[in-house]
Structure formats: structure tokens, C-alpha cells
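The values are calculated or read from the model by the stated rules, or taken from the named source; none is laboratory data. Keep in mind it's a predicted model, so treat the numbers as computed, not measured. With ideal geometry, Cβ positions are generated from the backbone for all residues, glycine too; neighbour counts draw on all protein chains shown.
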Amino acid sequence: MSMDRLIENIVKTQNPSVVGLDPKLEYVPEFIKEKKFKKYDRTLKAAAKAILEFNKCIIDEIHDICPAIKPQAAYYEMYGYEGVKTLYKTIQYAKEKGMFVMTDGKRNDIGATMEAYAAAHLGLTDVGGEKIEAFGADALTVNGYLGSDGINPLLEQCKLYDKGIFVLVKTSNKSSGELQDLKIGDKTVYATMGDMCEKWGSEVMGKYGYSGVGAVVGATYPEQLAEMRAALPHTFFLVPGYGAQGGGAEGVSKGFDKNGLGAIVNSSRGVMCAYKKEECDEQDFAKAARREVIRMKEDIISYLPRIAFPD
Ligand SMILES: O=c1ccn([C@@H]2O[C@H](COP(=O)(O)O)[C@@H](O)[C@H]2O)c(=O)[nH]1
């Protein structure tokens with residue numbers, strides 16, 4: 001199962017964190033932008049090329065110490081088809097370097113449309129009998145609130161092509177409680193969605209005790225992370241909200257199990273913009289990203305047992 005590959009990368013790097021590549025053009029150093037503007041003018045193509053160079057430089061610096069990247073599709077779609085091409089190239093580049101790639105697309109729709117999303121992001125697209133990889137991520141974030149019809153097509157692709165999904169359970173944003181904290185009987189909506197993840201995941205169990213169906217639980221809600229960790233023993237957590245959104249290492253430690261596994265913590269702006277925070281030479285942006293990945297890893301693992309495969 002793809003979550004096994006993620007776990008193996010985490011154990012190898014001893015790092016339970018993922019770098020979010022959400023590259024707004026304003027995060028890209030001037031020297032890269034100027035080079036691309038000179039060649040392509042101020043066009044979407046120039047922006048997309050600048051972002052690709054930015055991403056590749058960061059991946060080159062971190063792939064040996066970081067298990068995964070999480071490109072957020074919105075930041076590529078905003079640059080049109082050129083941006084989408086950069087998303088594809090970023091995914092392929094990171095995979096070539098051995099990183100696990102989770103595309104943050106938060107997709108969902110009715111079953112028939114979901115089959116198309118599943119083929120696009122996780123499986124293969126049928127072109128007159130030829131099966132072709134469209135984007136080729138290892139995992140995709142999804143919205144489970146349409147129920148099983150929207151999840152089953154993804155599970156099919158997960159089984160066929162060794163892929164995974166992360167379902168929104170308790171999101172990191174301030175207003176997440178407006179709906180997710182409401183009660184259905186004596187259970188919250190997010191806990192109900194968590195239970196559904198365990199059920200969906202039972203079809204795609206991996207060898208380390210976690211299934212191919214993960215859950216998104218925000219770093220900004222440590223109590224709920226602890227509650228979900230106890231309630232969902234087979235569900236791996238993607239934990240966004242560390243750093244820029246205020247989540248901290250002690251809080252996120254509640255999402256981990258006794259082997260230091262069970263969760264991976266995301267930081268996007270914190271890593272991409274580390275060079276701005278450090279106020280170092282912008283030519284050093286990728287090295288600053290590496291320093292931030294190391295700082296974040298040390299911060300998180302200081303609250304965890306040594307990361308190891310389960311007995
Ligand atoms: O509940 C959620 C789900 C997804 N996200 C995404 O994670 C990153 C966070 O970026 P930072 O810069 O580290 O704050 C971003 O892609 C969000 O779309 C989330 O924040 N919360």
C-alpha cells in the first residue's frame with residue numbers, strides 16, 4: 001500500500017514532516033523571476049517556469065532529509081495550463097528523487113466524475129486503449145462529505161496502482177468547527193467522518209497497520225488530534241497548520257502512535273519562505289529551506305519516541 005511507502009520514507013529519514021509546495025509567485029526569489037521574465041515576458045508561462053525552477057531547487061536540497069512533498073493544486077491552477085504543466089513536472093521530479101508525493105486537491109464529486117478525478121490524479125487515463133499516467137501522485141487529499149459514492153472510485157485506483165488518499169476530517173482553519181464540530185447523535189461530524197475513514201480503509205490495509213485511507217487533522221486542534229489518534233488506529237494523519245497557522249510541535253505530537261508513526265506534519269510557507277524570515281541572500285533560498293526542514297524535524301521529534309517500524 002502507498003502508505004507503506006510513505007512510512008518507509010519517514011523511517012529512513014527519521015522525519016515525520018512533509019514540505020508543502022504552494023508556490024505563489026511572490027515567494028519566488030527575484031533573480032529567478034527576472035530570468036524568466038526576460039525570456040518569456042510577464043506571462044503565465046514565465047510564472048510557471050519560475051515556479052518550476054523554484055520547486056526543483058527546493059526538492060534538490062531536501063529530498064535526502066524529507067520523505068514527501070505536498071503540492072497544493074490551487075497554486076498551479078492559478079497560472080493556467082502552464083501552471084498545471086508545472087504541477088505535473090514537479091510531481092515527476094520529486095518522485096524521481098524518491099520522494100512521496102501527495103497532491104492537495106481536496107477533490108470530490110458524484111461517482112462518475114470522481115472516477116475521472118481518480119484516474120487523473122492516482123490512476124491511469126484510458127486513451128483509446130492506451131493507459132497513460134496523467135499526474136501520477138502517490139496520494140490525493142479528498143473531501144469525503146459526498147459519502148461512499150465519491151470515495152469508492154478512489155479506492156479502486158488505490159488498490160490497482162498502490163495509491164492513497166487523505167480525507168478531510170478536522171481541518172486546521174478557524175471556522176472548521178462551524179460544521180465539523182456539530183453533533184450527529186452523540187458524535188461530532190468530524191469523528192463520524194473519522195469512523196468512515198477506518199471503514200473505507202479496511203479494504204486497503206498496509207503492512208505497518210495503517211490503511212491507504214488517511215485523514216487530514218489540523219495541527220491547530222491538538223485535543224482533536226489526540227481524540228482521533230485514539231479512535232482511528234489504522235488511519236494515518238496528514239497534519240497541516242504547523243508554523244504559519246500557529247500549530248506547534250507539542251500539539252502535533254498528539255497525532256502520533258507509540259512508534260513515532262501515524263502522522264506526517266505539513267509546512268508550506270514556513271519552508272518556502274524560510275529565506276525571507278532568515279533575511280539571508282535570496283540566492284540561498286533552497287539552503288534556507290533545508291535549514292527549516294531540519295529545524296522543524298528536530299522540533300517535532302523532540303516530542304516523539306524514536307521513529308521505528310512496529311514490531
Ligand atoms: O485543514 C487543512 C487542510 C489543508 N491545508 C493545506 O495545507 C497547507 C498549509 O500551508 P501553510 O503555509 O503551512 O499554512 C496549504 O496547502 C493548505 O491548503 C490546511 O492548511 N488545512
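With respect to THR192, determine if the residue is farther than 19 Å from SER148 by Cβ, free of Cβ contacts under 8 Å to residues at least 60 places away in the same chain and either surrounded by fewer than 21 Cβ atoms within 10 Å (Cβ to Cβ) or not polar (S, T, N, Q) (or both).
no
Condition first: under 20 Å from the mean Cα position of the chain (by Cα) and touching a residue at least 40 places away in the same chain (Cβ under 8 Å). Now tell me which residues in segment 135-152 satisfy that.
PHE135, GLY136, ALA137, ASP138, ALA139, THR141, GLY144, TYR145, GLY150, ILE151
Taking the conditions exactly as written (under 18 Å from the mean Cα position of the chain (by Cα), within 16 Å of the ligand (Cβ to nearest atom) and in a loop (DSSP other than H, G, I, E, B)), does ALA215 satisfy them or not?
Against the criterion (under 18 Å from the mean Cα position of the chain (by Cα), within 16 Å of the ligand (Cβ to nearest atom) and in a loop (DSSP other than H, G, I, E, B)), ALA215 does not qualify.
For the structure I just gave you, tell me whether GLU250 is away from the ligand (no atom under 13 Å from the Cβ), under 20 Å from the mean Cα position of the chain (by Cα) and surrounded by fewer than 24 Cβ atoms within 10 Å (Cβ to Cβ).
Spelling it out, it is not the case that GLU250 is away from the ligand (no atom under 13 Å from the Cβ), under 20 Å from the mean Cα position of the chain (by Cα) and surrounded by fewer than 24 Cβ atoms within 10 Å (Cβ to Cβ).
Considering only residues that are of a type outside the set (D, E, K, R) and farther than 15 Å from ALA50 by Cα, look in segment 274-287 and name the one that is surrounded by the fewest Cβ atoms within 10 Å (Cβ to Cβ).
CYS280
Give all pairs with beta carbons closer than 6 Å in which a residue from segment 224-250 that is under 20 Å from LYS70 (Cβ atoms) meets a residue that is among the basic types (Lys, Arg) and part of a helix (DSSP H, G or I); count only pairs at least 6 apart in sequence or on separate chains.
Listed pairs, sorted by first residue: LEU225/LYS254; ALA244/ARG269.
Could you tell me which residue of segment 2-26 is surrounded by the fewest Cβ atoms within 10 Å (Cβ to Cβ), considering only residues that are within 23 Å of GLY80 (Cα to Cα) and acidic (Asp, Glu)?
Restricting to residues being within 23 Å of GLY80 (Cα to Cα) and acidic (Asp, Glu), the top hit is GLU26.
Could you list, ordered by first residue, the pairs with Cβ atoms under 7 Å in which the first is in segment 268-288 and over 29 Å from GLY218 (Cβ atoms) and the second is more than 13 Å from the ligand (Cβ to nearest atom), at least 6 apart or interchain?
CYS280/ALA288; GLU282/PRO29; GLU282/GLU30; GLU282/PHE31; GLU282/TYR275; GLN283/PHE31; ASP284/TYR275; LYS287/GLU61
For the list (1) assigned to a strand (DSSP E or B); (2) surrounded by 21 or more Cβ atoms within 10 Å (Cβ to Cβ), I need the number of the one condition that LYS131 fails.
That leaves (2) as the condition not met.
Against the definition (within 16 Å of the ligand (Cβ to nearest atom) and either modelled with pLDDT of 95 or more or out of contact with any Gly (no Cβ under 7 Å at 6 or more places or on another chain) (or both)), how does PHE37 come out, yes or no?
Considered against the rule, which asks whether it is within 16 Å of the ligand (Cβ to nearest atom) and either modelled with pLDDT of 95 or more or out of contact with any Gly (no Cβ under 7 Å at 6 or more places or on another chain) (or both), PHE37 comes out as no.
May I ask you to verify whether GLY209 is assigned to a helix (DSSP H, G or I), more than 19 Å from the chain's Cα centre (by Cα) and not acidic (Asp, Glu)?
No.
Every residue in segment 129-169 that is of a type in the set (A, V, I, L, M) and within 17 Å of GLY212 (Cα to Cα), please.
Selection gives ALA137, ALA139, LEU140, VAL142, ILE151, LEU154, LEU155, LEU160, ILE165, VAL167, LEU168, VAL169.
Could you list all residues from segment 173-199 that are outside any helix (DSSP H, G or I) and of a type in the set (S, T, N, Q)?
ASN173, THR188
Restricting segment 254-301 to residues that are within 16 Å of the ligand (Cβ to nearest atom) and of a type in the set (Gly, Ala, Ser), which is farthest from PHE237 (Cα to Cα)?
ALA288
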